[in-house]
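Report on one structure; see the data block that follows.
Just so it is clear, none of the values below were taken in a lab; they were calculated from the coordinates. The structure presented is a predicted model; accordingly, all values stated were derived computationally and were not measured. Positions of Cβ are generated from backbone atoms using ideal geometry, with glycine treated the same way; all protein chains shown enter the neighbour counts.
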Ligand code: URA
Ligand code: SF4
């Protein structure tokens, strides 16, 4: 897909979201919040759901949690325009309550379709509900700051998932803000790792599922391209200011090193 095609496909999803009535959150919302960002980005951030300010503006992470998110991104030299930011539910739960399972399920196709269009290399989950969508059964206190292969059924067909605390939780608890700064510092290395995996997959695609049609004497199958689940990136690999020279794919040594 070209950039223009991706932009148009994302806008088509966004306009469906803006008029969606698939769950009860449509009754109390002011504006739905489809998400926004660079249609060519390699990194998608997924929050929980719009809050008070987002509901009024129709844009994700524009309140206080958004302020912290922007600071976290700035700590690795990124701006919010460089990534795509969206949420598990696109309409504000009343009183900022947690989204209900049936609301999450009703809204899930929009996130899946956004991920299919964006085909990100990295999905950063923000908070428990987003984590649960990509890493079912995981516990945030254990998985924050770690990397896992995305299940392609999420729409992210070849991505690494990186879990973080929700910025609103980090605002409430200084220790979590500190941990979030440490966690986000690992995102650039996660992106480099995902690029390597994606390049390997592109060079030797996984065989299509289905009956094995190889002749019985065709010899051993080609070695699998997939080295398996990505190991946790060692803290030593994670550098807040990843050197552009370390990334042969970066042709632009400006501040947007990784894009
Ligand atoms: N919290 C979220 O999870 N998402 C937003 O867009 C804003 C606050
Ligand atoms: Fe539709 Fe999602 Fe909003 Fe529910 S939360 S009304 S499913 S866009």
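At 7 Å along Cα-to-Cβ for each site, give me the label-to-label distance between residue 11 and residue 75 in nm.
With each label point 7 Å from Cα toward Cβ, the separation is 3.6 nm.
State, as an integer percentage, the relative contact order of segment 3-202 based on alpha-carbon contacts under 8 Å between residues 6 or more apart.
Reported as a whole number, the value is 22 percent.
With a cut-off of 8 Å between alpha carbons and a minimum separation of six or more residues, what is the relative contact order of segment 141-194 in percent?
33 percent
Rounded to the nearest angstrom and ordered from largest down, what semi-axes does the equivalent ellipsoid of segment 1-84 get from its C-alpha gyration tensor (root of 5λ)?
With the √(5λ) rule applied to segment 1-84, the semi-axes are 22, 19, 8 Å.
Run a plain Debye calculation on segment 90-137 (Cα atoms as equal point scatterers, no solvent) and give log10 I(q)/I(0) at q = 0.14 Å⁻¹, rounded to two decimals, same order as the q list.
The computed values of log10 I(q)/I(0) come out as -0.39.
Using the number of other C-beta atoms within 10 angstrom as an exposure proxy, rank 178, 201, 166 with the fewest first.
178, 201, 166
Scattering from the C-alpha atoms of segment 3-202 alone, worked out with Debye: what is log10 I(q)/I(0) at q = 0.15, 0.16, 0.18 1/Å?
Once normalised to I(0) and log-transformed, intensities are -0.86, -1.00, -1.30.
Taking a spot 7 Å from the Cα of residue 182 along the direction of its beta carbon, which residues of segment 143-165 have an amide N less than 11 Å from it?
145
Can you give me the C-alpha center-to-center distance between segment 1-70 and segment 101-122, rounded to a whole angstrom?
Each part reduced to its Cα centre gives a spacing of 11 Å.
Could you grab the relative contact order for segment 5-87? Cα pairs under 8 Å, six or more apart, rounded to a whole percent.
Relative contact order of segment 5-87: 35 percent.
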